Amino acid sequence: MELREWIALVFVGIGYFFYPILNRKPSLPTFQLPIDQHIPLIPIFIYPYMLLHPMKILSIFLLMKTPLLFPYLVSTAMTGWICAFIWYIFPNGVVRPQPSPDAKKTLAYIFLTYIHRHDHDSNGLPSAHVAYAICIGYWLSQAFPHYVIPLTILSGCIALSTLPTKQHYVLDIPAGAIVGIGSILLTRMIL
C-alpha cells in the first residue's frame, strides 16, 4: 500500500472511532413513517446486516492490487465523516420493539439482542450501513465487473436488512443512499 492509501485508511478509522461516541448521544426525534410500524422484527436478517463489517475489510484486500483501493478508502472515509457530522448536529434514532417469545430461542435473536444492546438507538438517519454497502458494491463492481449482479444483490441485502432488524426506519435508507452515492461522486470528482 502507498502512503496516501495508509493516510486514507487512518481517516476511515477515525470515522469509525466517532460512531460509538455519537451513538451514546441521546437521540431527539425519530423519522418513523406509518409504513415502519408494519415492518416486523425478523431476527434472521441480522446475518446479512452483520456481513457489512467483514465486507469492509475484505474489500480492502480485494482492491489492494488495483488502482481502486485509494478511491474506495476516500469514499468510505467521506461516508463515515458525513454520517458522523449529520448525527452530531442532528441526533436521531430508532425505537426497537420486543421480539416474539419464539424468536428468543434462535441464534439470530441472540446476535440481534447483542447488536441492540451495544448499538444504541442513535445514529439513525442517514443509514451508514446503506451508505457503506453502496460504496462497497460500487468499487468492487468497478474492479470486478463480471460480478456486478451478485455484488448489487449483496449490497441490496445488507441495506435492506436494516429494516427488519429494526436498526433503521424506511426514511433512513434513501438518506444513506444519498450519502453513499454522493461520496462516490465526490471521490470521482476530486480524484
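May I have the extent of the alpha carbons of the chain along their three principal axes, as whole Å values ordered from largest to smallest?
Ordered largest first, the chain gives principal extents of 51, 36, 26 Å.
Near I35, within a Cβ-to-Cβ distance under 15 Å, what is the net charge of the other residues, with Lys and Arg +1 and Asp and Glu -1?
Residues near I35 contribute -1 overall.
If you line up the long axis of helix 69-89 against the longest principal axis of the chain, both from Cα atoms, how many degrees apart are they, to the nearest 10?
Approximately 40 degrees, to the nearest 10.
If you average the C-alpha positions of the stretch 43-85 and of the stretch 127-191 separately, how far apart do those two centres end up, in angstrom?
After rounding, the separation between the Cα centres reads 9 Å.
Given all pairs of different Cα atoms, what value in angstroms does the Kirkwood hydrodynamic radius of the stretch 58-163 take?
With all distinct Cα pairs of the stretch 58-163 included, I get 15.7 Å.
For the stretch 32-191, give the magnitude of the charge dipole about the Cα centre (Cβ charges: +1 Lys/Arg, -1 Asp/Glu; no others), in debye to the nearest 20.
In debye, rounded to 20, the stretch 32-191 gives about 280.
Taking 8 Å as the Cα distance limit and 6 or more residues as the minimum spacing, I'd like the relative contact order of the chain as a percentage.
Relative CO of the chain lands at 35 percent.
Run the reach check for K166 against aspartates and glutamates, Cα to Cα strictly under 12 Å, same-chain hits fewer than 8 apart removed. What comes back?
Within reach: D36, D119, D121.
Relative to the present Cα-Cα distance, how much length would full extension add between V170 and K65 at 0.36 nm per residue of separation?
34.1 nm
Work from the charge dipole of the chain (Cβ charges, +1 for Lys and Arg, -1 for Asp and Glu, about the Cα centre) and give the residue of P48, T76, P145 farthest towards its positive end.
P48
Values in this text are rule-based calculations from the coordinates and carry no lab data. Bear in mind that the values here come from a model prediction, so they are computed numbers and not experimental data. Quick reminder, even Gly has a Cβ in these numbers, built from the backbone with ideal geometry, and neighbours come from all protein chains shown.
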